[in-house]
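Notes follow the structure.
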Amino acid sequence: MLAQAGIASRRRAAEMIRAGRVRVNAKVIREPGHPVVPGRDQVNFDNQPLPDPGRRRTLLMNKPIGLLCSADGAQGKTVCDLIANVPGRLVPVGRLDRDSGGLLLLSNDGALIAHLTHPRYGHRKIYRVEVAGPCNAATLARLREPMEIDGYTLRPVQVTLLRKQGGHTWLRFVLHEGRNRQIRKMCAQVGLNIISLVRIAIDNLQLPEDLAPGQWRELSAQEIKALLNQGPHDPEGEPTLS
């Protein structure tokens, strides 16, 4: 909620909460994951009510390569710079690294953000990946098996061969979890060099073919409802302070 209200980035907001600068219903809270119910709970920051973030809205952006997925521009230009004229504070929902592009959601809807980022819901994310290197049946089989990355065993991933041309191969990855730089680390483990990585869908929400990199459009109420209907209801997915 602090991030949505424009107080600070989620990381900085968590530090502020731990420092005791936030009260919920007059009680000091030091746990960033403390659940809150908008409209019922009174949240104060430095003894002042949080500003109204404005109406809920969610944008679908075709993220350009070279921009950070962050609301904090301390380390360079971010996707939020492309929506500087949009009222309210919208934050990226999940991550695409600087060298990746494609479908990215930005929102100030706490319930939707929690639903899309909570691992228990297992939202399906689809990527089109161009690689260089030997990509044969054995390589594909290794990519589809549970891999260990950074000491963690990944869930099996659906990998489909799309086409081959001139020493390059195009693959389709379907993930239900989003470990840090997962596809890049998987490909590196089997000797493939990624040329381009583009997210093309989240569940049934697809990247529009006519949406150029850097452009965005607002999601409809029906599209948001469809995303929220994916996966089981999880009380831990309620909005939190940070």
Qualifying lysines (Cα of each under 29 Å from Cα of Lys185; at least 8 residues distant if same chain): Lys63, Lys77, Lys125, Lys164
Mind ranking 29-38, 99-108 by how tightly packed they are, going by the mean number of other C-beta atoms within 10 angstrom, highest first? 99-108, 29-38
Search the structure for amide H atoms under 5 Å from the amide H of Ile200, placed 1.01 Å from N in the peptide plane, and list their residues when 5 or more places away or on another chain. Leu103, Ile126, Tyr127, Arg128
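Does segment 71-123 come out rounded, prolate or oblate by the C-alpha gyration tensor, with a ≥ b ≥ c the root eigenvalues, rounded set by a/c under 1.5 and, if not, prolate when a/b is larger than b/c and oblate if not? Please list the in-between numbers first.
Details: a/c = 2.24, a/b = 1.35, b/c = 1.66.
Here segment 71-123 falls in the oblate category.
Counting other beta carbons within 10 Å of each Cβ, put Thr117, Thr58 in order, fewest first.
Numbers: Thr117 14, Thr58 21.
If I rank by nearby Cβ atoms, fewest first, I get Thr117, Thr58.
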Rounded to the nearest Å, what's the spacing between the alpha carbon centres of segment 21-85 and segment 193-223? Just the number, please. 23
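How high is the FRET efficiency between His168 and Ile65 when r is their beta carbon distance and R₀ equals 22 Å, given to the nearest 0.05? Please report the intermediate quantities before stating the final value.
Values: r = 17 Å, r/R0 = 0.78.
With R0 = 22 Å, the Cβ-Cβ based efficiency is 0.80.
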If you take Rg/Rh (Cα atoms, Kirkwood Rh) from the coordinates, which of (i) 1.00; (ii) 1.26; (iii) 0.95 do you get? (i)
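Assuming a ≥ b ≥ c are the square roots of the Cα gyration tensor eigenvalues, decide whether segment 107-212 counts as rounded (a/c under 1.5), prolate (otherwise, with a/b larger than b/c) or oblate.
Details: a/c = 2.37, a/b = 1.38, b/c = 1.72.
It comes out oblate by the Cα gyration axes.
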Counting other C-beta atoms within 10 Å, and keeping those with at most 16, which DSSP coil GluC sites (Glu not before Pro) do you find in segment 152-221? Glu177, Glu209
Using θ = phi - 60° and the Karplus curve 6.51 cos²θ - 1.76 cosθ + 1.60, what whole-Hz ³J(HN,Hα) does each residue of segment 171-179 get, with Gly and Pro shown as x? 10, 10, 9, 10, 10, 10, 9, x, 5
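We did not get these values from a lab; they are worked out from the coordinates using the rules stated. Since the model is a prediction, treat every value here as computed from it, not as a measurement. Cβ: placed from backbone, ideal geometry, glycine included. Neighbour counts: every protein chain shown.
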